[in-house]
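I have placed the structure first, in the form of structure tokens, so that the comments after it can refer back to it.
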Amino acid sequence: MAVGLNRMRVGIGSSTAVGLRALARLPHGTRLIRFMARHPLIERSLRGLLCVYQPFPDIETATKYIRRFIPAGHEHSDVVSQLKQFADVTRESDYPVLFYLCGYASGLSTVFDLGGGIGNLFYPYDRELRLPATLRWMVHDLPDKEEIVLQFAKSRNEHRVGFSRRMEDASGVDLFIVSGALHYFEDELAVILGRLAELPRLAVVNRTPFSRAEPIVTTQVGDGYVHACKLHSLAGTIAGMEAIGYRLIAKWPVHERASRVPLRPDLNDTYWGLFFVLDADRRPKDASQ
Ligand SMILES: C[S@@+](CC[C@H](N)C(=O)[O-])C[C@H]1O[C@@H](n2cnc3c(N)ncnc32)[C@H](O)[C@@H]1O
């Protein structure tokens, strides 16, 4: 009974989201939605209708709420098998990273891949860049991925890929990469990196939805799973990284996907990629030579 009711509420949420997204595409649609959302009674009704498609104050609150309706998230078998397939393709949005990284590739010895899934990014990067034989590529992801990462690497006869349970392992790495995952973290990138004893030399963000203005917590709803995510401010992320000593080398739009928050179409944007290099004077002496 409760399952059927929850399914119905998600269905109503989906239809409401479709309606609001269509309205946002009309002339003045975005302004109309913002106008409606300023009236507390209408806003509350829209949130109720949107169910798992509504905005939330933070990722933890969102996750608690959405799990009542859709129990599965990142561990869903469809999500995992898609990541395995990605190991064999170089996606369009990987090319900017490959372009900016190729000059550094032969000198890489440690990589920290935050939200690295099953380690799938390593395989196309290695195919295109011929990464060093002594490289250590550490995938950091949710605990359920550890065995999958290791088994997958074994199936490819790949000894360079391992799993890290600790964010601290990112301290001082040559390359910190977060691709398609920064939005699953509450903290801004500069805050995450700022906690490390030593900053990574290169920091790359790819395939990430951002907000055009202030950050907003929303959801990504798939077939049988849902993730809470935070669209960080694009300008705020860049400013934060510059404040801790990084220089933005490149920024590229990723048109494979777009964020479409039904109640805040004014914040919607395409996905983005960013390539940062730590300024030489912020690097430890021996690494800056
Ligand atoms: C869309 S996949 C990205 C995989 C890969 N980086 C790529 O570009 O294809 C997002 C990954 O983020 C991971 N993730 C989500 N929340 C996380 C968290 N709190 N800590 C670590 N990993 C997380 C998920 O488990 C998932 O593997």
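Please go through the stretch 188-289 and write out the GluC sites (Glu not before Pro) that DSSP classes as loop and that have at most 16 other C-beta atoms within 10 Å.
Glu198
So how far, in whole Å, is the C-alpha centre of the stretch 74-148 from the one of the stretch 172-209?
What the calculation gives is 14 Å, centre to centre.
Among DSSP beta bridges whose residues both lie in the chain, state the antiparallel percentage, nearest 5.
Once the DSSP bridges in the chain are tallied, antiparallel ones form about 55 percent.
Among Trp252, Trp137, which comes first, then next, by fewest other beta-carbon atoms within 10 Å?
Trp252, Trp137
Please arrange Arg207, Arg212, Arg68 by how many other C-beta atoms lie within 10 Å of their C-beta, fewest to most.
Arg68, Arg212, Arg207
Pop out the Kirkwood hydrodynamic radius of the stretch 153-277 from its pairwise C-alpha distances, inverse of mean 1/r, in Å to one decimal.
Mean inverse Cα-Cα distance, inverted, gives 15.6 Å.
How large is the convex hull of the C-alpha atoms of the stretch 61-101 per residue, in Å³?
113 Å³
Can you work out ³J(HN,Hα) from phi for every residue in the stretch 109-116, in order, using Karplus 6.51 cos²θ - 1.76 cosθ + 1.60 and θ = phi - 60°, giving whole Hz and x for Gly and Pro?
In residue order, the calculated couplings are 10, 9, 10, 10, 10, 6, x, x Hz.
Counting Lys and Arg as +1 and Asp and Glu as -1, each charge on the Cβ, what is the dipole of the stretch 77-288 about the Cα centre in debye, to the nearest 20?
So the magnitude is around 280 debye.
Scan the chain and note any complete DSSP helix (H) whose C-alpha atoms cover at least 30 Å along its axis and whose Kyte-Doolittle average is 0.0 or more.
Numbers: long enough: 2-25 (35 Å, 0.51).
The qualifying helices are 2-25.
Considering amide H positions built from the backbone, and no H for Pro or chain starts, which residues 5 or more places from Asn120, or on another chain, come under 5 Å of its amide H?
Counting only residues 5 or more places away or on other chains, the set is empty.
Once you charge only the Cβ atoms, +1 for Lys and Arg and -1 for Asp and Glu, what is the size of the charge dipole of the stretch 2-54 about its Cα centre, to the nearest 20 debye?
Magnitude of the dipole: close to 100 debye.
Just rank Ser179, Ser233, Ser164, fewest to most, by other beta-carbon atoms within 10 angstrom.
If I rank by nearby Cβ atoms, fewest first, I get Ser233, Ser164, Ser179.
Taking only the alpha-carbon positions of the chain and ignoring solvent, what does the Debye formula give for the base-10 log of I(q)/I(0) at q = 0.07, 0.09, 0.15 Å⁻¹?
-0.29, -0.47, -1.17
Please state the relative contact order of the stretch 77-288 as a whole percent: Cα pairs under 8 Å, 6+ residues apart?
Taking the mean separation of contacting Cα pairs over the length of the stretch 77-288, I get 17 percent.
Give me the mean projected area, in nm² to one decimal, of the convex hull enclosing the Cα positions of the stretch 1-156.
One quarter of the hull surface, i.e. the mean projection, equals 13.1 nm².
So, with +1 on the Cβ of K and R and -1 on the Cβ of D and E, and no other charges, what is the size of the charge dipole of the stretch 65-201 about its Cα centre, to the nearest 20 debye? Kindly include the intermediate steps, with their values, before the conclusion.
Numbers: 15 positive and 20 negative charges, 48 e Å.
Its charge dipole is roughly 240 debye.
Please list, in chain and number order, the residues 5+ apart from Val139 or on another chain whose amide H is under 5 Å from its amide H, with Hs placed from the backbone.
The answer is Asp113, Gly162, Phe163, Ser164.
Would you pull out the residues with amide H under 5 Å of Gly180's amide H, same chain only if 5 or more places away, H placed 1.01 Å from N?
Amide H neighbours of Gly180, under 5 Å, 5+ apart: Asn206, Arg207, Thr208.
Only sites in a loop by DSSP and with at most 15 other Cβ atoms within 10 Å count here; which GluC sites (Glu not before Pro) in the stretch 56-103 make the cut? Numbers along the way, then the final one.
Values: sites: Glu60, Glu75, Glu92; in loops: Glu75, Glu92.
Here the GluC sites (Glu not before Pro) that fit, given the DSSP loop and packing criteria, are Glu75, Glu92.
Read-outs: derived from the displayed coordinates by stated rules, not from any lab. These figures come from a predicted structure and were not determined experimentally. Cβ atoms come from the backbone with ideal geometry, glycine included; neighbour counts cover every protein chain shown.
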